[in-house]
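Here, each number is a calculation from the coordinates, and none is a lab measurement. From a predicted model like this one, the values you see are computed outputs, not experimental measurements. Virtual Cβ from ideal backbone geometry, glycine too; neighbours counted across all protein chains shown.
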Amino acid sequence: MMKELQTCVKLLSYVSVVPLCLFFKVGYGGESNTYARIHVEAGEISGEDSILAVKLPPASLPPGAVFVIKEMESGRILPAQRHPENPQRIDFRLDGPFPAGEDRTYLLKKSDVPPVSHLRQLDDGNGLVLKVSDQEVLRYNYRPYPNKPWEGPSSPPVARERSGNIHPVRSPQGQILSEVFPDGRGHHLGVWGAWVNTRYKDRSYDFWNLQTPDEKELVEFDHWIWKQAEGPVFTGFKAAQSHTLMLDGEKTPVLSETLELRVYPGDEGIFFDYTVEQEWLMDTPLILNAHVYGGVMSWRYPATWESGSGLAVSSEGEVQRLGGDQSADATRARWLKVHGTEAGQTAGFLIMSHPENFRHPEPLRILDDGPAKGGYVHFTPIRNEGWQLNKREHHTYRYRVFVYDGTIAPAKAEQLWQQFAWKPKISVSSH
């Protein structure tokens, strides 16, 4: 007996978290070793090597089941894994090109052999390290970063510590692409996020800077929602982070935040998807005033990059020599690629903003502090105009990062962004 259900499928292009709710039929029955048939139509954009996530109806995939995806046309077997937050959601990766206009059918099948996992985690008690095979990709610091700040001649004192940042981030060959505690900006913490110029009731608050000792505002790790220790498709985590204020002498959570991060390999580099959800908890709104910087994802690049080697290129064709002109700063972009050279080796990162992000394409902040000092880049939706966070409103910000050695062409960056924004049509049915 066929049961017809309305089910929401979430599509992830390279594990993007963009929801795509579709109506389709899901049935039970068929061969005992087949759980479901999945049909994918590419639409107008190629989906090369993309990762799809499909939410199945309850009880359709037994607990403890070992499974794979079989592409019907070619017979190729693709690895798949359950999502740690929802056991009825499966993620699998397409194999090779999926040209625009084509459609394919896949079977979710029982397997007698557990999949081989090459994506791993290591928890050292202060941070969670995510790896592809034995190569470290990044470290999420759920406790304040263990090294003391470098207090150079121009560094203001850092009076407070914070957790919930990422450092180091490495290229596939191991070159470090992030930096913490740079001279002059000891509150810059690798890859991190915070709002700067805010107002709650009749007082201003700054979650970004850490120079004042009274801890009236702070961002920090709170607890794990899930951790995917290993898997054939991705490794990652979802962490709850708390924004707190000192109100009436008590440390009070005012802004609830989750950071979901997934790491997975690509043909020419390594990807990680970075998704932040925020919810304001107080009756009185938080005012986010317009400011030149501030947001949920900022990136400090290394001071060790050779002088004159740094280059930032945006999706709109803006080119900025780091340490030189400011031509790309304050412009809007869908993606930004940044690279530099250290010890004769060039490496870089591409940050992609999802088209459903607030005020997309978002304004950029690109600031280089000068020779041997490094700088930082990020998308900052409050650059030109402020807004307010109201109680129980949810705001989601989605970014994808591609880290690589050498350089990549703008055409490649555009292709990767198009795949990030990809929305194929997916239907699921019984065998």
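Hey, rough spin-label estimate for LEU367 and SER429, points 7 angstrom out along Cα→Cβ, what's it come to in nanometres?
5.7 nm
Assign unit charges at the C-beta atoms only (+1 for Lys and Arg, -1 for Asp and Glu), then state the dipole size of the range 119-420 relative to its Cα centre in Debye, rounded to the nearest 20.
Once rounded to the nearest 20, the dipole reads 180 debye.
Does the chain classify as rounded, prolate or oblate by the C-alpha gyration tensor (a ≥ b ≥ c root eigenvalues; a/c under 1.5 gives rounded; else a/b over b/c gives prolate, otherwise oblate)?
Taking the square roots of the gyration eigenvalues as a ≥ b ≥ c, the chain is prolate.
Label points 7 Å out from Cα along the Cβ direction at SER204 and GLU356: separation in nm?
Placing both labels 7 Å beyond Cα along the Cβ direction yields 3.6 nm.
Can you tell me the 0 to 90 degree angle between the C-alpha axis of helix 410-420 and the longest principal axis of the chain, rounded to 10?
60 degrees
Non-local amide H neighbours of ALA36 (under 5 Å, H modeled in plane, Pro and chain starts lacking H): which ones?
LEU108
At what distance in nm do the modelled label points of ASN384 and LEU78 sit from each other, each positioned 7 Å from its Cα along Cα→Cβ?
3.8 nm
Can you run phi through the Karplus equation (6.51, -1.76, 1.60; θ = phi - 60°) for the range 312-327 and list ³J(HN,Hα) in whole Hz, with x for Gly and Pro?
3J(HN,Hα) across the range 312-327, in whole Hz: 10, 10, 9, 4, 8, x, 6, 10, 10, 6, 5, x, x, 6, 10, 5.
Can you work out ³J(HN,Hα) from phi for every residue in the range 353-368, in order, using Karplus 6.51 cos²θ - 1.76 cosθ + 1.60 and θ = phi - 60°, giving whole Hz and x for Gly and Pro?
With the stated coefficients, the range 353-368 comes to 9, 6, x, 8, 5, 4, 6, 6, x, 7, x, 9, 10, 10, 9, 9 Hz.
Return the long-range amide H neighbours of THR235 (sequence gap of 5 or more, or a different chain), with a cut-off of under 5 Å between placed amide H atoms.
VAL263
Give the residues of the range 261-282 whose amide nitrogen is closer than 17 Å to a point set 7 Å from the Cα of GLU230 in the direction of its Cβ.
Counting only backbone N, you get 263-265.
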